[in-house]
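Below is one structure; the comments refer to it alone.
Read-outs throughout are calculated quantities, based only on the coordinates presented, and are distinct from any laboratory measurement. This is a predicted model, so every value here is computed, not measured. With ideal geometry, Cβ positions are generated from the backbone for all residues, glycine too; neighbour counts draw on all protein chains shown.
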Amino acid sequence: MLTSELFDLPAEEISKIANELLEDQSDLDLIGYIMPFDEYEYEEMIKNPNSNETGSVIKSVYSELDSVREDEINNGAKISDLELEYLKKGLIEPYDDGLHGLNFMTLNINCDDGVVLAAFCGHREDIGVIGWGFFGLYESRDDLIESLKSNLDSNESYFDI
């Protein structure tokens, strides 16, 4: 089958081909994950800056924050709008091991004239277990990542694995 023929198939057929490939594969190429911003955690950081070390979280992503201001925030001082923006950034730092949020991975579909990536997504259901579902076909890893990043909601961030 040619790559163009694969892309022209009905969605159900593409999904069937991709899911059959998934069943036969043990080597998954993890791409990245999307994490939503946790509004509750953000509000808790503002309400309880001392116990949450809010100033320290801000300083972790805003190196210009001096130690005196960090301590002031940790002790309950009013947080500026700029500092609140950095607090948001500090709360959406990537995890070292991936497998958080909505994960994405790919498998190759070999066609007569090239390779197409079948992308899958899923949430972690248990330690090391992700319930993968077919997401779509892409010509390259870069195309998939570009698509993911360009379709993020305002409260989401994408992280490479």
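Hey, any hits in segment 115-134 for a residue that's in a helix (DSSP H, G or I) and either surrounded by 12 or more Cβ atoms within 10 Å (Cβ to Cβ) or touching a residue at least 60 places away in the same chain (Cβ under 8 Å) (or both)?
For segment 115-134, residues in a helix (DSSP H, G or I) and either surrounded by 12 or more Cβ atoms within 10 Å (Cβ to Cβ) or touching a residue at least 60 places away in the same chain (Cβ under 8 Å) (or both): absent.
What number of residues within segment 66-78 satisfy the criterion of being of a type in the set (A, V, I, L, M) and surrounded by fewer than 19 Cβ atoms within 10 Å (Cβ to Cβ)?
Here the count works out to 2.
Starting from residues that are touching a Ser or Thr at 6+ places or on another chain (Cβ under 6 Å) and part of a loop (DSSP other than H, G, I, E, B), keep the ones in segment 70-113 and report whichever is farthest from L9 (Cα to Cα).
So, considering only residues that are touching a Ser or Thr at 6+ places or on another chain (Cβ under 6 Å) and part of a loop (DSSP other than H, G, I, E, B), the one farthest from L9 (Cα to Cα) is I92.
Among the numbered conditions (1) without any contact (Cβ under 8 Å) to a residue 40 or more places away in the chain; (2) surrounded by 13 or more Cβ atoms within 10 Å (Cβ to Cβ), tell me where S154 comes up short.
Answer for S154: the failing condition is (2).
If I ask for residues that are exposed (fewer than 14 other Cβ atoms within 10 Å of the Cβ) and either touching a Pro at 6+ places or on another chain (Cβ under 7 Å) or assigned to a helix (DSSP H, G or I) (or both), which ones from segment 7-26 would you list?
F7, D8, A11, E12, E13, K16, E20, E23, D24
Looking at D38, D24 in this structure, which one is among the acidic types (D, E) and either closer than 30 Å to S140 by Cβ or touching a His at 6+ places or on another chain (Cβ under 7 Å) (or both)? Lay out the reasoning, then the answer.
Values: D38 fails: either closer than 30 Å to S140 by Cβ or touching a His at 6+ places or on another chain (Cβ under 7 Å) (or both).
After ruling out the rest, the residue left standing is D24.
Identify all residues within segment 111-147 that are aliphatic (A, V, I, L, M) and closer than 14 Å to L30 by Cα; write none if there are none.
Residues satisfying the conditions are L117, A118, A119, V129, I130, L144, I145.
Name, by its number, the condition in (1) assigned to a strand (DSSP E or B); (2) farther than 12 Å from L30 by Cα that does not hold for D153.
(1)
Answer yes if at least one residue in segment 54-71 is β-branched (V, I, T) and touching a Lys or Arg at 6+ places or on another chain (Cβ under 8 Å), and no otherwise.
Yes; the residues of segment 54-71 include at least one that is β-branched (V, I, T) and touching a Lys or Arg at 6+ places or on another chain (Cβ under 8 Å).
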